[in-house]
Amino acid sequence: MSNHTDAAAEVLLERKGCAGVITLNRPRFLNTLTLGMIRQIYPQLKKWEQDPETFLIIIKGAGEKAFCAGGDIRALSEARNTNQKMLQDLFREEYILNNAIDSCQKPYIALIHGITMGGGVGVSVHGQFRVATEKSVFAMPETAIGLFPDVGGGYFLPRLQGKLGYFLALTGFRLKGRDVYTAGIATHFVDFEKLGMLEEDLLALKSPSKENIADVLEAYHAKSKIDQDKPFILEEHMDKINSWFSANTVEQIVDNLQQDGSSFALEQLKVINKMSPTSLKITLRQLLEGSSKTLPEVLTMEYRLSQACMKGHDFHEGVRAVLIDKDQSPKWKPADLKEVTDEDLNDYFKSLGSNDLKF
């Protein structure tokens, strides 16, 4: 069993006790995922899945700030002119890894403390167990950079309660702490300072069954009192969110928010108006279609979208505005929802023929 314990390694893959442990090891970069990391994790996950001595798989992020803040989008944007193949490979291999986590035959436990966004959601949310803490921050903020909530977002977001997933996808709203659990993104909530003990207890299990593992998680979850009596942050707005976001077009959602006129509605409207109009329309259709597809079908659809976005204007403009020049004022093309036609949208969702994602 190869142990990558080199301190400079971007990802550590270790056998400890009864478990295979994956540590995303780029704390200075909030553990963002690179193609190199994905290429190490996938074969190791497959090996552990087949190994009779490995009973569970744990994934965590190094440092206290982040589990994983997403993919390395700056590198993606830079690759546009220099390395087209990297743009195909990264999305293809990342989505294949997301699917492998979903179908993994061993219990897979993601310790999602700190920032968990984008690609970090992809390597956690499809696993059987997801443990949030009071430091967890979950968001899918892709519409702000001319992208869409990928890594299977089209599968898990429409399956959250009511229209919560549609709201999170279109606005990039951040959920924190226990709300990540209440929303259904995490399966358990544990005090941050107990995470180390939880991990030790899991590693110390002898030939555990799925039920043994669930019992340990449940015991820690039951003991956590942090924010236990605090209502879900969106509780008072859920009826309205369900009503506003049940529209089948982004224009109708915008209209619903305008007509409501409450301060919460207008706040969301302000946020949506800053997003890429193309991204908003792609995202709504992605979720509507994804709500009745299997995860592999959703990832195939998202791969098509990813390749179209890499060729388009808005993603590179979004990365420029948010990450490079940091002026926070992207110039979207088209700049208006009305100018994003159904024909344009259909192009994003078109089959790539022999280049389609295959599992």
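The values are calculated or read from the model by the stated rules, or taken from the named source; none is laboratory data. Predicted, not measured: the structure shown is a model, and the values here were computed from it. Please note: Cβ atoms are built from the backbone with ideal geometry, for glycine as well, and neighbour counts cover all protein chains shown. Surface accessibility is based on the protein's heavy atoms, side chains included, excluding ligands, DNA and RNA. Shrake-Rupley method; radii C 1.70, N 1.55, O 1.52, S 1.80 Å.
Can you give the Rg and Dmax of the range 41-126 based on its C-alpha atoms, in angstrom?
14.3, 45
Binned at 10 Å from 0, what are the whole-percent values of the Cα-Cα distance distribution for the range 1-84, short to long?
Final binned percentages: 17, 45, 28, 9, 1.
Determine the principal axes of the Cα atoms in the chain, then give the extent along each, sorted from largest to smallest and rounded to whole angstroms.
Sorted from largest, the Cα extents of the chain read 60, 50, 38 Å.
Determine the per residue accessible area of the range 246-359 with all protein chains present and a 1.4 angstrom probe, expressed in square angstrom.
Accessible area per residue, the range 246-359: 49 Å².
Any chance you could run the full-extension gain for Asn83 through Ser291? It's 0.36 nm times the residue separation minus the Cα-Cα distance, nm to one decimal.
Stretched fully, the Asn83-Ser291 segment lengthens by 71.5 nm.
For the range 214-317, what percent of Cα pairs sit more than 23 Å apart?
Counting pairs separated by more than 23 Å, the tail of P(r) holds 51 percent.
Take every DSSP beta bridge whose two residues both sit in the chain, then give the antiparallel share in percent to the nearest 5.
So the antiparallel bridges in the chain amount to around 30 percent.
What order do Thr187, Thr34 take when sorted by accessible area (1.4 Å probe), most exposed first?
In descending accessible area the options line up as Thr187, Thr34.
Take the Cα pairs of the range 57-177, get the Kirkwood Rh, then feed it into Stokes-Einstein at 37 °C and 0.692 mPa s and tell me D in µm²/s.
221
Using only Cα atoms, find the angle between the long axis of helix 250-260 and the longest principal axis of the chain, and express it within 0 to 90 degrees, rounded to the nearest 10.
Helix 250-260 and the main axis of the chain meet at about 80 degrees.
As a test question: what accessible area, to the nearest 10 Å², does Ile96 have when a 1.4 Å probe is rolled over all protein chains in place?
That residue has around 40 Å² of solvent-accessible surface.
Compare Leu280, Leu266, Leu90 in a GNM of the chain, Cα atoms joined below 10 Å, and give the one with the largest fluctuation.
Leu266
Name the residue farthest towards the positive end of the dipole of the chain from the options Tyr181, Gln328, Met86, assuming +1 on Cβ of Lys and Arg, -1 on Cβ of Asp and Glu, about the Cα centre.
So the residue we want is Met86.
Take the Cα coordinates of the range 264-320, assign each an equal point scatterer, and use the Debye formula without solvent to give log10 I(q)/I(0) at q = 0.18, 0.22 Å⁻¹.
Values, matching the q order: -0.74, -0.93.
Let me have the 222 nm mean residue ellipticity of the chain computed from DSSP H runs of 4+ only, each contributing -39500 (n - 2.57), with the sum over all residues rounded to the nearest 500.
-13500 deg cm²/dmol
What's log10 of I(q)/I(0) for the range 117-206 at q = 0.17 Å⁻¹, Debye sum over Cα points only, no solvent?
Scattering profile of the range 117-206, log10 relative to I(0): -0.71.
What angle, in degrees between 0 and 90 and rounded to the nearest 10, separates the Cα long axis of helix 35-50 from the longest principal axis of the Cα atoms of the chain?
The angle comes out near 50 degrees.
In whole percent, and with a 1.4 Å probe on the protein chains, what portion of the accessible area of the chain is carbon and sulfur?
C and S atoms contribute 50 percent here.
Quick one: work out the % antiparallel among DSSP beta bridges in the range 46-192, nearest 5.
15
For the range 10-153, what is the accessible area per residue in Å² when the probe is 1.4 Å?
32
Using alpha carbons only, how many degrees (0 to 90, rounded to 10) separate the axis of helix 210-223 from the longest principal axis of the chain?
It is inclined by approximately 70 degrees.
Once the Cα gyration tensor of the range 281-359 is diagonalised, what are the square roots of 5 times its eigenvalues, in whole Å and ordered largest first, as equivalent ellipsoid semi-axes?
So the equivalent ellipsoid measures 25, 15, 12 Å along its semi-axes.
Dipole of the chain (Lys/Arg Cβ +1, Asp/Glu Cβ -1, origin at the Cα centre): which of Val123, Leu24, Asn242 lies farthest to the positive side?
Final value for the positive-end residue is Leu24.
Ordering Ser306, Ser246 by accessible area with a probe of 1.4 Å, largest first, what comes out?
Descending order: Ser246, Ser306.
What's the center-to-center distance, using Cα atoms, between the range 15-43 and the range 301-330 in Å?
Going from one Cα centre to the other spans 26 Å.
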